[in-house]
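Q: I'd like to ask you about the structure that follows.
Coordinate-derived values only; no laboratory data. Quantities reported herein were computed from a predicted structural model and do not represent experimental measurements. So basically every Cβ, Gly included, is an ideal-geometry build from the backbone, and we count neighbours across all protein chains shown.
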Amino acid sequence: MAEFESKLKDLIIKLHEIEAVKFGLFKMKSGIDSPVYIDLRSIISYPAILETVAELLWEFAIKDIDCNQLCGVPYAAMPIATLISSYSKTPMVIRRKEAKKYGTKKLIEGKFSPGDKCVIVEDVVTSGSSILETIMDLQSEGLRVTSAVVVVDREQGGNYNLSEKGVTMHSLCTLSQILQVLKDAGRVNQEIVDSVKKYLAASQIHLDSTFFTAQPLTESVKPSRLSLPFSVRADQATNPVAAKLLKIMVAKQSNLCVAADVTSASKLIALAETVGPYVCLFKTHIDIVEDFSAQLIQQLLAAAQKHNFLLIEDRKFADIGHTVSLQYSHGTYKICSWADLVTVHPVPGEGVITGLKSAVADLHRGCFIVVEMSSAGNLTTPSYISSSMEICKKHPDFVVGVVCQTPSTLNNPGLLQLTPGVSLDCQNDGELGQQYNSPEDVIMLRGADIAVVGRGIVQAADPVQAAQEYRTKLWAAYEKRVSSLKLA
Ligand code: 5IU
């Protein structure tokens, strides 16, 4: 993963050097002036860059997607798709922009059978309309398309528009990530970053149901999760625990979850009592407490009530439905009797959720589905993430949100993104595998609604002061995100 990220950073810098990404003032097709111009057509003149783009797209997403055809959106993405096809020995098809007026009148060139699974390859996504047009043609010939893999997401609504049509988009990088990398490398200044963010906020595009006519986003269209304030999202939650959590976040101005990885009851309670006023969620691993007792639970519940936070047991259930229902309600910990929320691995399939639900018929409980982990080398792939999201959609009454690391995973404003791997000094923990991001990045770039901080607080010289600092920084980042993405 670290190697992938460093390759991606190098690529972004090269794209800027060859002026495939430019800043200035550019007239767009829509007539609007844009402070950023991205055109990857020129990469065919730089074979090494073209090769890297193809290699990264393959490694990042396509290799994990169940498909037997590739299709590059004409024209810029066609050479990219060709390289991936040759490298991976996956056949490709070409969509003609206009069907031939003579001969066979084929819309799609290449050999394929109805039912073949095709992945779309695209260079830059703005509204997603070119991808959707390509998909329409492919579908009219019997091909099945559920995923699009793109190099750059301009973050102007493409991801939302595609997901509305049941297409999962995987982007190598977003425009915000490009800005961050170039800013870190000293290639662009804050003024440019601000002007692009402002432009993005004002130029969201929503496609109407016929796909083809791009219209400015109006109030009647649901804006994305990332741009809405928590107060508004509380009304859109389908799970009472999610609504309660969002209200606590607003009331306490806190999107901080502390990971209380301590091994004694006294330390756990001391932490709940001292950092409690600054957190919205208190995350436990109850099985690491050596002197667990029913009294500890009573004390935790009292602290949660006193300081107005919810309890999440990070149990990561991952067994068949029958077993998890017993693990949730029985045994030493009787988790469902006290934890408002739990975490769940979707690897067993939907039964894991139905099993948990069956244990808590009358209780107000919910779960976060772990769709992606923070640790180096973790095995969560794009196709795993998109299948997990399908499970998530099927249980709006019990699923409160997802644990993940990427902003495009979750659109629904009624659900929450919980993201661990947060630290002010961003020092990873070596062979133990944790990978950290700063509070600002985790909210602004990774799309977290709530950030999980463990050792950054628990092992700080002064945990209370650390909790206050994380809370202030995380909340400021959330406010910045909402105001910078606010729809014009
Ligand atoms: N945690 C992760 N990464 C994950 C998931 C959970 O770190 O992907 I899912 C847990 C593990 C630990 C906390 O309890 O979040 C992070 O603690 P530190 O901030 O000390 O790394």
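Q: Once you keep just the Cα pairs under 8 angstrom separated by 6 or more residues, what percentage relative contact order results for the chain?
A: Reported relative contact order: 12 percent.
Q: Suppose the chain between ALA294 and ASP39 were pulled fully straight at 0.36 nm per residue; how much longer would it get relative to their current alpha carbon spacing?
A: Details: separation 255, 0.36 × 255 = 91.80 nm, distance 6.17 nm.
85.6 nm is the gain from fully extending ALA294 to ASP39.
Q: If you don't mind, another one. Which is the longest run of the chain containing none of the chymotrypsin sites (Phe, Trp or Tyr not before Pro) found in DSSP loop states (not H, G, I, E, B) with at most 14 other C-beta atoms within 10 Å?
A: Result for the longest clean stretch: 213-488.
Q: Also, I was wondering about something else. How high is the FRET efficiency from LYS63 to GLU440, r the C-beta distance, R0 35 Å, rounded to 0.05?
A: E between LYS63 and GLU440, to the nearest 0.05, is 0.65.
Q: Let me ask you something else. What residues of the stretch 59-84 lie in the reach of a label at ARG144, counting those whose backbone N is under 17 Å from a point 7 Å from the Cα along Cα→Cβ?
A: Only 64-71 pass the distance filter.
Q: List the lysines whose alpha-carbon lies under 23 Å from that of LYS106, not counting same-chain residues fewer than 8 positions away?
A: LYS97, LYS117
Q: When only alpha-carbon atoms count, how far does the chain stretch along each of its three principal axes, as whole angstroms with the largest first?
A: Computed over the chain, the largest-to-smallest principal extents equal 81, 50, 47 Å.
Q: In addition: Round to the nearest 10 and give me the degree value, 0 to 90, for the angle of helix 175-184's Cα axis relative to the longest principal axis of the chain.
A: Around 80 degrees separate the two axes.
Q: Charges only on Cβ, +1 for Lys and Arg, -1 for Asp and Glu: so what's the dipole of the stretch 2-205 about the Cα centre, in debye to the nearest 20?
A: 740 debye
Q: If each residue of separation counts as 0.36 nm, what is the full-extension length gain between VAL232 and ARG455 once their alpha-carbon separation is subtracted? Numbers along the way, then the final one.
A: Values: separation 223, 0.36 × 223 = 80.28 nm, distance 3.19 nm.
Gain in length upon complete extension: 77.1 nm.
Q: When DSSP assigns beta bridges and you keep just the ones with both residues in the chain, what percent turn out antiparallel, to the nearest 5?
A: In the chain, DSSP labels about 20 percent of beta bridges as antiparallel.
Q: Here's something else I'd like to know. Give me the tail of P(r) for the stretch 316-443 as a percent: Cα-Cα pairs with distance above 25 Å. All intermediate terms of the calculation are to be shown ahead of the outcome.
A: Numbers: 2349 of 8128 pairs.
Pairs farther apart than 25 Å: 29 percent.
Q: Please give the Cα centre distance for the stretch 408-444 versus the stretch 121-166, rounded to the nearest Å.
A: 27 Å
Q: Further question on the same structure: When the scattering of the stretch 279-370 is computed by the Debye formula from its Cα atoms alone, each counted once and equally, what is log10 I(q)/I(0) at q = 0.15, 0.16 Å⁻¹?
A: Here the Debye-derived log intensity ratios amount to -0.54, -0.62.
Q: Then there is this: Would you mind ranking THR409, THR381 so that the residue whose beta carbon has the fewest other beta carbons within 10 Å leads the list?
A: The order, fewest Cβ neighbours first, is THR381, THR409.
Q: Report the net charge of residues surrounding ALA451, where surrounding means a beta-carbon distance below 13 angstrom and charges are Lys +1, Arg +1, Asp -1, Glu -1.
A: +1
Q: Run lengths n ≥ 4 of DSSP H only: what is the helix-derived mean residue ellipticity at 222 nm for the chain, with -39500 (n - 2.57) per run over all residues, to the nearest 500?
A: One gets -12000 deg cm²/dmol as the mean residue ellipticity at 222 nm.
Q: Right, next: Taking one equal scatterer on every alpha-carbon of the stretch 1-87, how large is log10 of I(q)/I(0) by Debye at q = 0.17, 0.18, 0.24 1/Å?
A: Those come out to -0.81, -0.88, -1.21, one per q.
Q: While we're here: Consider just the alpha-carbon atoms of the stretch 410-477 and return their Rg together with their Dmax, both in angstrom.
A: 12.3, 38
Q: Also, I was wondering about something else. Sorted from fewest to most neighbouring beta carbons within 10 Å, what does the list ASP441, ASP462, ASP10 look like?
A: ASP462, ASP10, ASP441
Q: List the trypsin sites (Lys or Arg not before Pro) within the stretch 28-92 that fall in a DSSP loop (any state other than H, G, I, E or B) and whose Cβ has at most 10 other Cβ atoms within 10 Å.
A: Here the sparse-neighbourhood loop sites are LYS29, LYS89.
Q: In cubic angstrom, how much convex hull volume per residue do the alpha carbon atoms of the stretch 259-303 span? Don't skip to the answer; put the middle values down first.
A: Details: hull volume 2.7 nm³, N = 45.
Convex hull of Cα atoms, per residue: 60 Å³.
Q: How large is the dipole of the stretch 225-484 about the Cα centre if only Lys and Arg carry +1 and Asp and Glu carry -1, each at its Cβ, rounded to the nearest 20 debye?
A: Dipole size: approximately 680 debye.
Q: When the convex hull of the C-alpha atoms of the stretch 220-276 is computed, what volume per residue in Å³ does it have?
A: Taking the convex hull of the Cα positions in the stretch 220-276, it is 104 Å³ per residue.
Q: For the stretch 363-468, which GluC sites (Glu not before Pro) are both in a DSSP coil and crowded by at most 14 other Cβ atoms within 10 Å?
A: For GluC sites (Glu not before Pro) across the stretch 363-468 that sit outside H, G, I, E and B with at most 14 neighbouring Cβ atoms in 10 Å, the list is empty.
Q: Just how many % of Cα pairs in the stretch 2-205 lie over 20 Å apart, if you round to the nearest whole percent?
A: 57 percent
Q: Another question about this same structure. Take every Cα-Cα pair in the stretch 225-484 and report what % of them are more than 33 Å apart.
A: Result: 12 percent of Cα pairs exceed 33 Å.
Q: Output the antiparallel fraction of DSSP beta bridges having both residues in the stretch 2-205, as a percent to the nearest 5.
A: Taking every DSSP beta bridge with both residues in the stretch 2-205, the antiparallel ones total about 25 percent.
Q: Set the bar at 26 Å for Cα to Cα. Now go through LYS244/LYS480; LYS14/LYS473; LYS165/LYS283; LYS244/LYS393 and name every pair that lies beyond it. Present the calculation step by step, with values, prior to reporting the outcome.
A: Details: LYS244/LYS480 23 Å; LYS14/LYS473 32 Å; LYS165/LYS283 36 Å; LYS244/LYS393 20 Å.
Cα-Cα > 26 Å for LYS14/LYS473; LYS165/LYS283; rest within.
Q: Using only the alpha carbon atoms of the stretch 397-446, find the Kirkwood hydrodynamic radius as the inverse mean reciprocal pair distance, in angstroms to one decimal.
A: Answer for the stretch 397-446: a Kirkwood hydrodynamic radius of 12.0 Å.
Q: Could you run the Karplus curve 6.51 cos²θ - 1.76 cosθ + 1.60 with θ = phi - 60° over the stretch 35-45 and give me ³J(HN,Hα) per residue in whole Hz, x for Gly and Pro?
A: After applying 6.51 cos²θ - 1.76 cosθ + 1.60, I find x, 9, 10, 10, 9, 8, 4, 6, 5, 5, 7 Hz.
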